[in-house]
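The values are calculated or read from the model by the stated rules, or taken from the named source; none is laboratory data. Here the structure is a predicted model, which means the values were calculated and not measured. For neighbour counting, all protein chains shown are included, and Cβ atoms are generated from backbone atoms with ideal geometry for every residue, glycine included. Only protein heavy atoms, including side chains, enter the accessible area calculation; ligands, DNA and RNA are left aside. Shrake-Rupley method; radii C 1.70, N 1.55, O 1.52, S 1.80 Å.
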Amino acid sequence: MALLLDACATASGGHIPPSAFEFHEIVSNEGPLPGGWKVAQVNILLARVSRYKPLQAWCDLEIGIPLENWKRSLTDSLAQRKSAQASDAAAQLVLRGNETVSVLACNQFRDETRRLLERSLFGVRVTKFLTLGIEPKSFPED
């Protein structure tokens, strides 16, 4: 099930589950100060069925967060839940818009996901895939 939005609809289907965001520790926290880093990589299909502004875009999304920031440890379950909520909301926004060029839609999707995540996960980074050696997940699954 992809994230779909019809030109006349007001909601989309196919919410991204938290399990789609599988975080991998890439820098361990060794020392007395907060630190370390983990990332999740997901290919997400954004699709809008519309006669006038169709869109079908596979967007690569990498979410990176510190293992621990100055406030608290950031558990995988918290990061997964917040990532799923933010990416769902960002997808809704992009699919309600007028963008029909996939690269621009994906850039908007990443920017909006980052903006939403920054509210709850201090130190988050949202980009296209940058980290090597991680097998990305897909939504919907292949």
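Summary of computed values
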read-out	value
Solvent-accessible area, 1.4 Å probe, carbon plus sulfur percent, for the range 25-104	53 percent
Flagged links, alpha-carbon separation over 19 Å, of LYS53/LYS82; LYS53/LYS128; LYS38/LYS137	LYS53/LYS82; LYS53/LYS128
Estimated translational D of the range 81-142 in µm²/s (Stokes, Kirkwood radius over Cα pairs; 37 °C; 0.692 mPa s)	259 µm²/s
Spherically averaged projected area of the range 21-142 from its Cα convex hull (nm²)	7.6 nm²
Heavy atoms of LYS137 accessible to a 1.4 Å probe, total area in Å² rounded to 10	60 Å²
Amide H within-cut-off set for LEU45, under 5 Å, with H built and near neighbours excluded	LEU3, CYS59, PHE139
Peptides 42-48, 94-100, 21-27 ordered by average Cβ neighbours within 10 Å, highest first	42-48, 94-100, 21-27
Rg(Cα)/(2.2 N^0.38 Å) for the range 51-101, N = residue count	1.55
Relative contact order of the range 47-142, defined on C-alpha pairs under 8 angstrom at six or more residues apart (%)	38 percent
